[in-house]
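A quick write-up on the structure given underneath.
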Amino acid sequence: MTETSPLVRLTGVRKRYGGVRALQGASLTAAGGEVHGLLGPNGSGKSTLGKVLAGSVRPDAAEIEIDGAPVRIGSPRAAARLGIAAVYQQLSLIPELTVGENLVLGQEPGRAGFLSDRAARRRVGPVLERLGPALGDVRADQPVRELAPGQQQLVEIGKALLREPRILLLDEATASLHRDQVAVVFEIVRELRHAGASILFVSHRLDEITDLCDRATILRSGETVAETPIAGVQPDALVRLMVGDVQAVERDHGERPSGRVRLEVRDLAGGRLRGVRMQARAGEIVGLGGLQGQGQSELLLALFGATAATGEVEVDGAPVRLASPRAAAARGIALVPGDRGTQGTLPPRSIQENLAIASIGRRSRAGVLRAAGERAAARSMVDALAIKLGDLGDPVSSLSGGNAQKVVFGKWLLTEPGVVLLDDPTKGVDVGAKAEIYRIIRRLADEGATVVINSSEDRELVTVCDRVLVMFEGAIHAELVGDEITEQRLVEAALRIGAGSQHAPGERTAEDAA
Amino acid sequence: MTATAPPPVDERTPIGERLGRVRVASWATAGLLVAAVVLAVVLQPGITTPYGIASTFATFLPLVLVAVAQAVVVIGGGLDLSAGAIVALSSVVAVQVMQGSDGLALVGFAAAIGTGLACGIVNGLIVSRLRLQPLIATFATASVFSGLALLVLPTPGGTVPAVLTGTFRQAVATVPVSLLLVVAVALGWLVVRRLRIMRHIRATGGGPAAAFASLVPVAGAQLASYAICGGVCGIAAMAVLGNAGSGDPFIGGDLALNSIAAVVIGGIALRGGIGSPIGAIAGAITLSLASTILFSIGLPTSWRALASGLVVILALALSALGAPRRQR
Amino acid sequence: MSRTDLATAPVASRAARLLRDPVVIAALIAVLLVVIGGVLKPGFAAPDQIVNMLRVASFLGIIAIGQTIVVLSGGEGIDLSVGVTATLAAILASRTMNGSDALLVPGVLLAIGVAALIGLTNGLGIVLLRIPPFVMTLGMLGVVSGLVLVVTGGVADGRAAPALVQLVNGRDVLGVPGILLVWAVLAVLVTLLLRRTTFGAQLYAVGSSREASRLSGVPVGRTLVVAYVLCSVFAALGGIAMVGYSQQVFLSLADDLTLPSIAAVIIGGTLVSGGVGGYLGSAIGAIVLTVLTSLLTTLSMPEWARTVVQGVVLIALLAVYGRQRRLRA
Amino acid sequence: GCSTVSNEPAPSGSEGEAAGPFTIGVSNGFVGSEYRTQMIADIEEAASEYQDEGLLEDLVLENADTDVNGQIQQVRNLINAGVDAIIVDPNSGSALDQVFQEATDQGIHVFAIDQAVTAESVINVGIDQALWAETSAEWLAEQVGEGGSIVAVNGISGHPANEARWGAAEAVFEDAGVEVLTTADGGWDQATGQQQMANLLATYPDIDGVWTQDGMALGVLQALIAAEKQDEIVMSGEARNGFLRLWSEQGDGFESIGVVNPPGTGATALHIAMAMLQGQELDEAQLENGHDIVLELEEPVTSANFDEVWAEVEGEPDTYVLDSVLSRDDVQRFFQ
Ligand SMILES: Nc1ncnc2c1ncn2[C@@H]1O[C@H](COP(=O)(O)OP(=O)(O)OP(=O)(O)O)[C@@H](O)[C@H]1O
Ligand SMILES: Nc1ncnc2c1ncn2[C@@H]1O[C@H](COP(=O)(O)OP(=O)(O)OP(=O)(O)O)[C@@H](O)[C@H]1O
Ligand SMILES: [Mg+2]
Ligand SMILES: [Mg+2]
């Protein structure tokens, strides 16, 4: 270690939200020219610590030094003056403004209080160009709301880059990005590191951590429990530091499920979907693979009646009308949606209510609820899924990401569904909770349910699926079964189809018949 | 990979493409405006005479101004139910200051704008610093402002300098001043929209939390939006005085709700972040013409209010339907 | 320091939490206002005057039931047409009963039926046409006040049935007016409706997040429509109660109760963003507003000062706890 | 160059007035009251005579709830519609002066009813509000006697009619040595008046009388009855059927006064307008302040004539306001 002081030093950071102690004396030290991983299970305080540094959370106590000098960071603007830029876990884009306007938001060039469009264009040009390979065909004057989630995430990153930060916080900024997009971001981060910046990197994807980070700080329950260099440390060791001993979920394909056909889909079209045909059996876990944005989420939403689509869907041999989620739920279909915050939970309502809402009809007579029944049902799910919570009456927004996700699972388990649709169910979930969620998925299948799962992580598909359908441009173009499912094969399948896109897609027939 | 062409950031978007992206709301707003103008002219030929044009625009000007003021607040994600009370207070202050003297007209103008600005700043501070819900906060301040108006001018009266009322009724080379003023308001907006603070106001309306995280001075933007609204209401107060020729503490009771209706007809979403005061001007004119049209078709009086309610709800529905929806 | 003390002392912390509960604060403020009034003008805190203020608060309180439901339903839920709906209902009811007890029930049913249609229109406009509630109900405000003129031809005739008058103005139930009992029963029923029925659970769900509710199989559209129908129906009941008070109906009977009904809901701690709150707070909010108006009447202040004080007090009330979340947490 | 924009005065405007048939416009900025409804109905009835005779081509009504600004638009609409005279119940006593000026500049006769306006080109037609108030105030002062104490339930503070009335009444009470404990605004609204009175009764238990204005007397009486004080506390009343009915139901101990503020002034103004359009000139000597036609008060309703009056109007609905309209011949006395 040299004598020079580190670029960032946070010590004794404390923050309480009501009764929740988000941080209790956490610390972090990062040098310039370093990518510093910030690891820890869900709810360990990573985001809160990052927000304290970025000025958007007021800590109850904290000592912050930048370049060895103690500072107070009273607001995001104060942080910006210190050269700190942040990409938060939650996007902070204004949907109505254009990509260009969002990029320069809060730092619009201009004179005497007036904006200069030309100067703004000059500033955003290089950033868009830099992100171009990942961003694809996005123009500066396009409203941000027209962009896909991954593209929006990249704009958010661009916004931070535009500030030419000395200290950059990336809080799960890669969670909604696909492999090739991540590669572009990593390249940029490495350049920043080379230029002497310090990058704080939060991710639940261990391979990203080992790939990119130089050192890492590990948080548990709001406290810093370790600081370690990354090179030479086994991933298992990192996991143990984070969550203690996790019983890794092993891939277990066993025999092919041979239950009867439970879900039958023919010519499903609408939105991005262009004629999906598939079948799934009781007890089977079917994955949806392919490049991101090929219609996987749309397929799940359409099967759940949440978006308009045409085609035939049968459950247990009887046709299903894709009228509404309500109708789908009545037929024993459940969907754990991709965006937990806006689609999965009722943030201000209690955990109990969130667990109960989908199965409410089962516990009521003539519209009157049985309160005791509801509590018991919620309790049973908390126990079955090992949800960590203070009180069933606490708002669901007080839970960490992984536990909130389990609540969404629990809500649907209470309906005893026959077909379970999962859209990226472990996005932003820590390794420990992830393993539990995999076990839940397995158990569901073992109990006879059909599970269809979309994931942004290939490893997830490898771990849990009996069969993977690879999607391309709204249709199913390849199928991997049993031991064929490897990360390598998944990537190949996705790319091979992608490369072959010059051919009329109609030439390829669906190879999905079981 | 790097073969992907860089986005065409340095070029201006082709005009055709821009037109293609004009929002439906603009078409709904424009369609309503055109329909209203045509109907009004056909049914009430009197309004095409020089006096008709001058008096029509003179009548519209206060609502046009308040609608523009309201639009700024609404775009910023707020709402100002006190706009009418601000107009009343500013107008009575101006009347008291001017005392009917031509020489004091400019001072009166400054007093009206100053009063409006002060009211706007009070609203802005309450909403941005006390963080009260705008609807109810401005309902409360409306009560305060109208009480103060009653204090400043306990009973209607006082005269407005002749230079004001006179100018308001004049024409410059056959174009009525009132029409010129409406055009000036629109042109004024074209300048104001270039202000950085307007971008911040729009961003705040589009998503306060996101804007705050993006280093937008959210509280400042909210404060500014209410302050601008108040200041413009002060100008509207002078237009009201130009019309009225005298002060009245109860003037402008309908302005707040009418301005909100005008804003919606103008394609501005009440949830903020979307739209332009130009739409609000169109909305204000449409709304004002609607009452002229209903008057001209000669419905029995007891049906007039119902018809007017139906017309307004229809116009609101059309505009709201046409307005872009924020996707969640 | 004091924070940790609170955390370690459960009793103190429970008390502290209670003191942060908007309902409790509103109730304390109501009591405080009565006490202030009583000190300044002895008659103000007399039982008779308290009963009298509660009686007047009941009209607003009943209308605020519906407003609470609509605000809870989220999506910027609000009903600006409750005042005129109450007036129209009062006019229809009193015209039908026209001073006869026998026609009381038909009058009430007719009023409720028409109000339900108004609410249904509001709800369908909001759900099917996706018109924002503020705009839809602002338009409806115009339409219903037009309807009032069409129905009455500008002359609202008809009188309240004696039984209705007795219910509101009499003091038959343990010395208090029957309308207070009715209000209390309605308050209990509504609270049960919100907390113990599927409708209530779904209403809170829809108010918290439309999308998550839809994806949880909640009938979002139906819940919203029912919310707006209920709102108009309670407005009608409030209007009918008010004719019992004034005995004769007139064209602008309850028009001015709209904004106070919203204020009552917000003072009562229901979040404007929806999904959080309850009726008890709104009921206390209605009482606070009524007591405040009465207090300002009885203090000999010039009218301008009353108006100013009314506004300032409302802001102060809301500033105590009605503040929105901080952006910097 | 600048020029004031105005239409040429209509040919029928200044000279040769006898041309006809004429068009008369009515602007009423408030429809939420039965008083205004009756006023409009009276005007329509009077107009129908002239229409039958072919003297009046059209009666154009601008009748809607609106603010001052909206009423300015109403008047401008009437001007643009080419009317020959405008009868207006103004929302403001002064803030419509400019638009009235625009009308009279174009040769349109303007008549203000119910509420006098300051524009000198406008003919105000109506009762003397101060006298109206004095009449009931004097009666009340006599009832409570010197040293008595009263409260007042007024209309809307700052509203000109309210100020004129209360100013006059207050002076009467002062002269008579009656103490006014407080005033409250009832907004000319029955239910509000009732609530305010209930509040006042609670905090001023020892009052001898209540002075109130029309529209609220019924509410005040109901509050008194609810407190069972209708026989102890004297109140000034109103000449409306709802109040008179309740009065008729009270025992002999109850006394009150109802001074008539007739909605029929609108119809009276129409007769005057028609006469002027037909070329008659007003007699300056009959005008007060140069432009006010002051109508005499009708005999107030008191215990002395109550039975007689009540017998006459009993059949009307509760919202009926005791009325009087001058006839075509009656108005001749204002002309040369
Ligand atoms: N605004 C808030 N209100 C209440 N509690 C909160 C709030 N924000 C965070 N918390 C709580 O603080 C704790 C730390 O949360 P934080 O978001 O920092 O965790 P994290 O490590 O980023 O988790 P994840 O990996 O799930 O993103 C959690 O228990 C969380 O529930
Ligand atoms: N809800 C909000 N709406 C708008 N701006 C906000 C909000 N919350 C915070 N801000 C911005 O962040 C700044 C700091 O907020 P904060 O609430 O911490 O200030 P404060 O002065 O401590 O307020 P208070 O004393 O009311 O708690 C504010 O001045 C404002 O610029
Ligand atoms: Mg986090
Ligand atoms: Mg603070």
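The values are calculated or read from the model by the stated rules, or taken from the named source; none is laboratory data. Because the structure is predicted, anything quoted here is derived from the model rather than measured. Positions of Cβ are backbone-derived with ideal geometry, glycine not excepted, and every protein chain shown enters the neighbour counts. Only protein heavy atoms, including side chains, enter the accessible area calculation; ligands, DNA and RNA are left aside. Shrake-Rupley method; radii C 1.70, N 1.55, O 1.52, S 1.80 Å.
With r as the distance between the Cβ atoms of residue C:109 and residue A:221 and R0 = 60 Å, compute the FRET efficiency 1/(1 + (r/R0)^6) and round to 0.05.
The calculated FRET efficiency here is 0.50.
Could you derive backbone 3J(HN,Hα) for segment A:335-342 from the dihedral phi with the Karplus parameters 6.51, -1.76 and 1.60 (θ = phi - 60°), listing whole Hz in sequence and x where the residue is Gly or Pro?
10, 9, x, x, 9, 4, x, 9
Determine the dipole magnitude for chain C: charges of +1 sit on the beta-carbon of Lys and Arg, -1 on that of Asp and Glu, nothing else is charged, the reference point is the Cα centre, and the result goes in debye to the nearest 20.
1020 debye
Specify the residue with the greatest mean-square fluctuation among D:244, D:201, D:140, computed from a Gaussian network of chain D linking alpha-carbon atoms under 10 Å apart.
Judging by the Gaussian network model, the answer is D:201.
Could you tell me the convex hull volume per residue, in Å³, taken over the Cα atoms of segment B:43-321? Each step should come with its number before you reach the end.
On the way: hull volume 35.2 nm³, N = 279.
Residue-normalised Cα hull volume stands at 126 Å³.
Residue separation times 0.36 nm, minus the C-alpha to C-alpha distance between residue B:180 and residue B:303: what's the value?
Numbers: separation 123, 0.36 × 123 = 44.28 nm, distance 3.55 nm.
Full extension of this stretch gives 40.7 nm more.
Once you have all Cα-Cα distances for segment A:18-118, histogram them in 10 Å bins from zero and send the whole-percent values.
Here the calculated profile for segment A:18-118 is 12, 37, 31, 16, 3.
Once you charge only the Cβ atoms, +1 for Lys and Arg and -1 for Asp and Glu, what is the size of the charge dipole of chain B about its Cα centre, to the nearest 20 debye?
Magnitude of the dipole: close to 920 debye.
For segment A:8-243, what log10 I(q)/I(0) values come out of the Debye formula at q = 0.10, 0.13 1/Å, with one point per alpha carbon and no solvent?
Those come out to -0.46, -0.78, one per q.
Work out the mean other chain Cβ neighbour count within 10 Å for the residues of A:132-144 and drop it here as an integer. Please list the in-between numbers first.
Values: counts 7, 4, 2, 2, 2, 3, 1, 6, 6, 9, 3, 2, 1.
That works out to 4 on average.
Whole-Hz ³J(HN,Hα) for each residue in segment A:380-391, computed from phi via Karplus 6.51 cos²θ - 1.76 cosθ + 1.60 with θ = phi - 60°, x for glycine and proline: what do you get?
4, 6, 4, 5, 4, 9, 6, 6, 8, 8, x, 9
If you count the DSSP beta bridges with both ends in segment A:349-498, what percent of them are antiparallel, to the nearest 5?
65 percent
Compute from the Cα atoms of segment D:85-191 the Rg and the Dmax, the latter being the longest Cα-Cα distance, and quote both in angstrom.
Radius of gyration, then largest Cα-Cα span, for segment D:85-191: 17.0, 56 Å.
Just to confirm my numbers, what's the Cα centroid distance between segment A:308-350 and segment A:169-196 in Å?
Segment A:308-350 and segment A:169-196 have Cα centres spaced 35 Å from each other.
State log₁₀ I(q)/I(0) for chain D at q = 0.07, 0.09, 0.12, 0.14 Å⁻¹ as given by the Debye formula over alpha-carbon point scatterers of equal weight, solvent excluded.
Results for chain D at q = 0.07, 0.09, 0.12, 0.14 Å⁻¹ read -0.31, -0.51, -0.84, -1.07.
Within 10 Å of each Cβ in A:340-348, how many Cβ atoms from other chains are there, averaged over the peptide?
Across the residues of A:340-348, the mean count of other-chain Cβ atoms within 10 Å is 6.
Taking every Cα atom in segment A:380-465, find the radius of gyration and the maximum pairwise distance Dmax, and write them in Å.
Using the Cα atoms of segment A:380-465, the pair Rg, Dmax is 12.6, 37 Å.
Taking only the Cα atoms of chain C, how large is their convex hull per residue, in Å³?
Residue-normalised Cα hull volume stands at 169 Å³.
Calculate the FRET efficiency for residue D:302 and residue B:96 from the Cβ-Cβ distance with a Förster distance of 45 Å, rounded to the nearest 0.05.
Computed FRET efficiency for residue D:302 and residue B:96: 0.55.
Based on the mean of other beta carbon atoms within 10 Å per residue, what is the order of B:211-221, C:29-39, C:91-101, most packed first? Display every interim value, and only then the final one.
Numbers: B:211-221: 24.4, C:29-39: 17.5, C:91-101: 21.8.
Top of the packing list down: B:211-221, C:91-101, C:29-39.
Could you let me know the centre-to-centre spacing of segment A:96-132 and segment A:410-453, using Cα atoms, in angstrom?
Measuring centre to centre over Cα atoms gives 43 Å.
Accessible area, 1.4 Å probe, largest first: how do A:15, A:51 sort? Please report the intermediate quantities before stating the final value.
On the way: A:15 15, A:51 70 Å².
Heavy-atom accessible area, descending, gives A:51, A:15.
Going 7 Å from the Cα of residue B:121 toward and past its Cβ, which residues in segment B:134-175 have a backbone nitrogen under 19 Å from where you end up?
Inside the label zone: B:138, B:141-142, B:144-146, B:148-149.
Can you give the relative contact order of segment A:8-243 as a percent, counting alpha carbon pairs under 8 Å and 6+ residues apart?
Relative contact order of segment A:8-243: 29 percent.
Once ligands and nucleic acids are excluded and a 1.4 Å probe is used, how much of residue B:60 is accessible, expressed in Å² to the nearest 10?
The accessible area comes out at roughly 10 Å².
Taking every Cα atom in chain A, find the radius of gyration and the maximum pairwise distance Dmax, and write them in Å.
In order Rg, Dmax, the Cα atoms of chain A give 23.7, 74 Å.
Probe radius 1.4 Å, ligands and nucleic acids left out: which of C:223, B:301 has the largest accessible area, and how do the rest follow?
Details: C:223 5, B:301 30 Å².
I get B:301, C:223, largest accessible area first.
Rounded to two decimals, what is Rg over Rh for segment C:52-180 when you use alpha-carbon atoms and the Kirkwood radius? Could the numbers behind the result be given before it?
Numbers: Rg = 16.1 Å, Rh = 15.8 Å.
Radius of gyration over Kirkwood radius for segment C:52-180 works out to 1.02.
Which of C:182, B:104, D:135 sits closest to the plus end of the dipole of the protein assembly as shown, meaning its Cα is farthest towards the positive end, when Lys and Arg get +1 and Asp and Glu get -1 on the C-beta?
The residue sitting most towards the positive pole is C:182.
Please tell me the relative contact order of chain A in percent, rounded to the nearest whole number, where contacts are Cα pairs under 8 Å and at least six residues apart. Display every interim value, and only then the final one.
Numbers: 1049 pairs, mean separation 78.7, N = 514.
Taking the mean separation of contacting Cα pairs over the length of chain A, I get 15 percent.
Given R₀ = 56 Å, FRET efficiency for residue A:233-residue C:120 by Cβ-Cβ distance, to 0.05?
So the FRET efficiency works out to roughly 0.30.
Of the candidates D:262, D:21, D:90, which one comes out as most mobile in a Gaussian network treatment of chain D with C-alpha springs shorter than 10 Å?
Checking each option, the largest mean-square fluctuation is seen for D:21.
Among B:160, B:177, B:263, determine the one that fluctuates most according to a GNM of chain B built with springs between C-alpha atoms less than 10 Å apart.
Ranking B:160, B:177, B:263 by mean-square fluctuation puts B:177 first.
What share of the DSSP beta bridges in the protein assembly as shown is antiparallel, in percent to the nearest 5?
The antiparallel fraction comes to roughly 50 percent.
Diagonalise the Cα gyration tensor of the protein assembly as shown and give the resulting equivalent ellipsoid semi-axes, square root of 5 times each eigenvalue, largest first, whole Å.
The three semi-axes for the protein assembly as shown are 65, 36, 30 Å.
Can you give the local net charge around residue C:264? Use residues other than it whose beta-carbon is closer than 15 angstrom to its beta-carbon, Lys and Arg +1, Asp and Glu -1.
-2
Please express the Cα-Cα pair-distance distribution P(r) of segment B:127-176 as a list of whole percents, one per 5 Å bin, running from 0 to the bin with the greatest distance.
Reading the bins upward from 0: 5, 15, 12, 11, 11, 11, 12, 14, 8, 2, 0.
Go from 0 up to the bin containing the longest alpha carbon distance in segment A:165-242, width 5 Å each, and give me the % of pairs per bin.
Spelled out per bin, shortest first, that is 3, 13, 26, 25, 20, 11, 2.
Compute the separation of the alpha-carbon centres of segment D:276-336 and segment D:237-259 and state it in Å as a whole number.
Here the two parts' Cα centres lie 22 Å apart.
For the residue pair residue C:191 and residue A:310, what label-to-label distance in nm results when each label sits 7 Å from Cα along the Cα-to-beta-carbon direction?
With each label point 7 Å from Cα toward Cβ, the separation is 5.4 nm.
Considering only protein heavy atoms and a 1.4 Å probe, what is the carbon-and-sulfur percentage of the accessible area of the protein assembly as shown? Mind showing how you got there, number by number?
Working: 30950 of 55300 Å².
Carbon and sulfur: 56 percent of the exposed surface of the protein assembly as shown.
Give me the number: length gained by fully extending residue A:180 to residue A:397, i.e. 0.36 nm times residue separation minus the C-alpha to C-alpha distance, one decimal in nm.
74.9 nm
So, in the protein assembly as shown, how many Lys pairs have Cα atoms under 13 Å apart, if the pair is 8 or more places apart or on different chains?
5
How far apart, in nm, are the 7 Å Cα→Cβ label points at residue D:288 and residue C:129?
Modelled inter-label distance: 5.2 nm.
Return the distance in nm (one decimal) between the two label points of a simple spin-label model at residue A:488 and residue A:63, each offset 7 Å from Cα along Cα→Cβ.
5.3 nm
For chain D, what is the percent of antiparallel DSSP beta bridges, rounded to the nearest 5?
Just about 10 percent of them are antiparallel.
Of B:154, B:236, B:296, which is farthest towards the positive pole of segment B:43-321's charge dipole, taken about the Cα centre with +1 and -1 on the beta-carbons of Lys, Arg and Asp, Glu respectively?
Looking along the dipole axis, the top candidate is B:236.
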